[in-house]
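Here's the structure we're looking at; comments come further down.
The values are calculated or read from the model by the stated rules, or taken from the named source; none is laboratory data. Quick caveat: nothing in here was measured; it's all calculated off a predicted structure. Please note: Cβ atoms are built from the backbone with ideal geometry, for glycine as well, and neighbour counts cover all protein chains shown. Calculation scope for accessible area: heavy atoms of the full protein, side chains included, ligands and nucleic acids excluded. Shrake-Rupley method; radii C 1.70, N 1.55, O 1.52, S 1.80 Å.
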Amino acid sequence: MAPSRFAHDLDALKTIASDALAYALEKGASACETESSDGYGQTVTVRKGEVETIEYNRDKSLAVTVYVGKRKGHASTADFAPRAMRDTVEAALTIARFTAEDESAGLADPEELARDPQDLDLFHPWDLPVERAIAIAKACEAAAFRLDERVVNSEGASVSCQQWHFALANSHGFLDGFPTSRHTISCAVIAAEDGRMQRDDWYVSQRSAQDLAEPEAVGDYAGRRALARLGSRKIGTVQAPVLFEAPVANDLLATFVSAVSGGNLYRKASFLLDSLGKEVFSPQVTLVERPHLPRAPASSWYDDEGVATRDRDVVKEGVLRGYFLGSYSARKLGMKTTGSAGGNHNLILEGGGLDLPGLIRSMGRGLLVTELIGFGVNLVTGDYSRGAAGYWVEGGEIRYPVEEITIAGNLRDMFRSVAAVGADKLTRGSRTCGSILIEEMTIAGN
């Protein structure tokens, strides 16, 4: 493992967080939580074989949240000097004294906090000389151009390595932190034929550089995706099955997560209000949360409040078993936190036995969606309408690429009409899922 180059080690971050906590309590806070963090990284972008940008980042922050009774204040700073720390605490206290009381405000309950968290193998710093990063980016982009003379332009290939760590503390006695890393290789290219152009991209991201795909494979796949879209045509309006390819199926999963997250639930801004224990998907769907997977992108023993995370079934054979709640939203709903402050932790949509070609054969006739455009989702009603591009399927085979279409339906109906989930699992952010086949949607074209 390469050595880290943090400006402050983890013990120093814990001291900074603890000092801010102690000062807040000394100055009259009834409760307080603090987080200090430090990170560094490098991103190189190459376009058409030439270096376009080289970026270095070094960031640090101290965030302070104080409670004066049921009043809350928050302030932050990028200066770790003692005077700046004290000023930040005092600013948070001033804000708290001028805010309205909120009965749901406060730290997570002490019994919910994580105890004795373990190492999850999340830190793999990449000591990447800039010359080597440039060479990797060039190799990635060159692989796309080598494919076919119709790959005529590029939006660039990038290589990014990022490392950061943090310390989280609160006045219930919680104090912990850990280092993490994330490294990415990406490529976006443009193909042209008969005066018409198509763009596509691909990227890979991992905790460890050793787990990344070869840069040539990333560029090659981005190029193949762009070439496959050449000759795209419009289609007429039709009702037909829609198969969401894994990357865009992930977007559909994100919409579900928003609908069953605490903020939207207590504001009554979700079409899935009061759905706990009810069938919200077809029985094909089982969605699990696995927060403690080694090296995974959203692994942690605790959430942003220090609440312990745990394995759970969110959806089991179509039935909603759990929401995504932090302490505040849980109190607003009269429920218990699910350890979801700050987001979910490694959601995995369990797949069936069919890969993407198998799902296409199973669908027979319909639309394979590979790109979604715009944002036409109403979480209150569940109405769904998105611009899309992809491929028309007949006889269980892709026949031609399509563009300038809109797919529409209602999420409540779409979720209940999931016909299959693919085995072609892909991780994007905190979610892992395969392609998703919906029995029928409106496809609006000419």
Residue pairs meeting the criteria (Cβ under 8 Å; at least 6 apart or on separate chains; first closer than 14 Å to S329 by Cβ and assigned to a loop (DSSP other than H, G, I, E, B), in the stretch 90-113; second modelled with pLDDT of 95 or more and hydrophobic (A, V, I, L, M, F, W, C)): G106/A31; A108/V307
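For the stretch 222-332, list the strands (runs of 3 or more DSSP E) that sit wholly inside it and hold at least 2 residues that are closer than 30 Å to D194 by Cβ and not small (G, A, S); which are they? Write out each step before concluding.
Details: elements: 238-244, 287-289, 312-316.
Because the criterion is at least 2 residues that are closer than 30 Å to D194 by Cβ and not small (G, A, S), the strands (runs of 3 or more DSSP E) in the stretch 222-332 that meet it are 238-244.
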Single residue of the stretch 19-36 satisfying the filter (under 30 Å from the mean Cα position of the chain (by Cα) and open to solvent by 30 Å² or more (accessible area, probe 1.4 Å)) that is farthest from S171 (Cα to Cα): E35
Residue check, T381 farther than 30 Å from Y266 by Cβ and over 21 Å from the mean Cα position of the chain (by Cα): no
Residue check for H74: in a loop (DSSP other than H, G, I, E, B) and either among the aromatic types (F, W, Y) or within 21 Å of D176 (Cβ to Cβ) (or both): no
Lone qualifier among Q206, Q210 - being among the polar types (S, T, N, Q), surrounded by fewer than 17 Cβ atoms within 10 Å (Cβ to Cβ) and touching a residue at least 24 places away in the same chain (Cβ under 8 Å): Q210
Single residue of the stretch 123-159 satisfying the filter (within 13 Å of H183 (Cα to Cα) and open to solvent by 20 Å² or more (accessible area, probe 1.4 Å)) that is modelled with the lowest pLDDT: D127
Residue check for V51: β-branched (V, I, T), part of a strand (DSSP E or B) and open to solvent by 30 Å² or more (accessible area, probe 1.4 Å): yes
Scope the stretch 1-51; condition small (G, A, S), touching a strand residue (DSSP E or B) at 6+ places or on another chain (Cβ under 7 Å) and either at pLDDT 95 or above or closer than 19 Å to G73 by Cβ (or both); matching residues: A17, S18, A20, A24, G28, A29, S30, A31, S36, S37, G39, G41
Counted residues, the stretch 139-192 - those being free of Cβ contacts under 8 Å to residues at least 60 places away in the same chain, among the small types (G, A, S) and over 22 Å from A298 (Cα atoms): 3
Residue match in the stretch 227-240 (condition: farther than 20 Å from E289 by Cα and open to solvent by less than 10 Å² (accessible area, probe 1.4 Å)): yes
Test result for T255, farther than 28 Å from Q210 by Cβ, among the hydroxyl-bearing types (S, T, Y) and surrounded by fewer than 16 Cβ atoms within 10 Å (Cβ to Cβ): no
